[in-house]
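The structure appears below as structure tokens.
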């Protein structure tokens, strides 16, 4: 029999605690904020998570993790004759595109990104169906729930802080006068470089997040870090061709900004 309820009465932390302590196997579906997430567990361990609007295929996960390039992603999609992630994973390993460790880390990272976002949901409905598992062919990675619960609770507090610091995602970003002067002591992640590549006073932060398939939490965390490091400044988005929050695309960085990005990357490579 399925367990149903509302997050206002039984939050995500309590749900995960129940599943962990009872060593439950099954699928938890949560609907809220206009989205739906599916999370699967096996004997009390998290093994799979997906959310509407996100690329849940292996190729998308590998590209998002920086394990393959956009061009490699395009080629693989065009040549692939299978949609089963397990079969596709073996083909990619045998072809030398990635290693087994690359696949495990990418799937794990995607799963945790979805789950940690759920901890910030306070409204919505949930349904737990015992013994229901992901479709055959999906790659699953077992993850202990204890650390997830602790990290998720910490992120709720961080999310509240970031919302206070960056309440308006319709603001835009611009580079400071000399961002490269501070790079010697800063190690930027792949996702931070992706955000930087879209910095343009015409691009709202919300649209940069959408272009990179990032949650509000992740884009706020990255932008807050860039602001704290003195690499960027907040500005009011402007210009006759400004992209609005409802638009489907983001303006590519103008040539001067792209040149700056190239110089920054070259400088980092020489360190």
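Things to note:
- Odd one out for residue 44 among (1) closer than 22 Å to residue 109 by Cβ; (2) modelled with pLDDT of 95 or more; (3) surrounded by fewer than 14 Cβ atoms within 10 Å (Cβ to Cβ): (3)
- Screening 136, 129 for residues that are part of a loop (DSSP other than H, G, I, E, B) and under 22 Å from residue 42 (Cα atoms) leaves exactly one candidate, 136.
- Filter result (at negative phi and free of Cβ contacts under 8 Å to residues at least 12 places away in the same chain) within region 82-108: 82, 90, 91, 93, 94, 95, 99, 100, 101
- Filter result for residue 60 (in a loop (DSSP other than H, G, I, E, B), assigned by TED's automatic domain parsing to the domain that holds residue 144 and within 24 Å of the chain's Cα centre (by Cα)): no
- Just one of (1) surrounded by fewer than 14 Cβ atoms within 10 Å (Cβ to Cβ); (2) modelled with pLDDT of 90 or more fails for residue 98. It is (1).
- Residue that is free of Cβ contacts under 8 Å to residues at least 60 places away in the same chain, assigned to a helix (DSSP H, G or I) and closer than 22 Å to residue 211 by Cβ, where the choices are 68, 75: 75
- Within region 102-124, considering residues that are over 19 Å from the mean Cα position of the chain (by Cα) and loosely packed, with under 14 Cβ neighbours inside 10 Å, the one modelled with the lowest pLDDT: 122
- Selection count where residues are at pLDDT below 85, in contact with a helix residue (DSSP H, G or I) (Cβ under 8 Å, 6 or more places away or on another chain) and either under 22 Å from residue 64 (Cβ atoms) or part of a strand (DSSP E or B) (or both), scope region 159-188: 1
- Restricting attention to region 23-41, the residues that are surrounded by 17 or more Cβ atoms within 10 Å (Cβ to Cβ) and outside any strand (DSSP E or B) add up to 2.
- Flag if residue 15 is in contact (Cβ under 8 Å) with a residue 40 or more places away in the chain, in a helix (DSSP H, G or I) and in contact with a strand residue (DSSP E or B) (Cβ under 7 Å, 6 or more places away or on another chain): yes
- Residue 61 passes every criterion in (1) within 22 Å of residue 153 (Cα to Cα); (2) surrounded by 21 or more Cβ atoms within 10 Å (Cβ to Cβ) apart from (1).
- Any hit, region 214-233, residues being part of a loop (DSSP other than H, G, I, E, B) and modelled with pLDDT of 90 or more: no
- Annotation for region 264-271: at least one member residue is in contact with a helix residue (DSSP H, G or I) (Cβ under 8 Å, 6 or more places away or on another chain), loosely packed, with under 12 Cβ neighbours inside 10 Å and either modelled with pLDDT under 85 or not in a loop (DSSP other than H, G, I, E, B) (or both).
- Condition met for residue 123 (out of contact with any helix residue (DSSP H, G or I) (no Cβ under 9 Å at 6 or more places or on another chain) and either at positive phi or touching a residue at least 40 places away in the same chain (Cβ under 8 Å) (or both)): yes
The values are calculated or read from the model by the stated rules, or taken from the named source; none is laboratory data. What you see is a predicted model; the values in this text were computed from it and never measured. For neighbour counting, all protein chains shown are included, and Cβ atoms are generated from backbone atoms with ideal geometry for every residue, glycine included.
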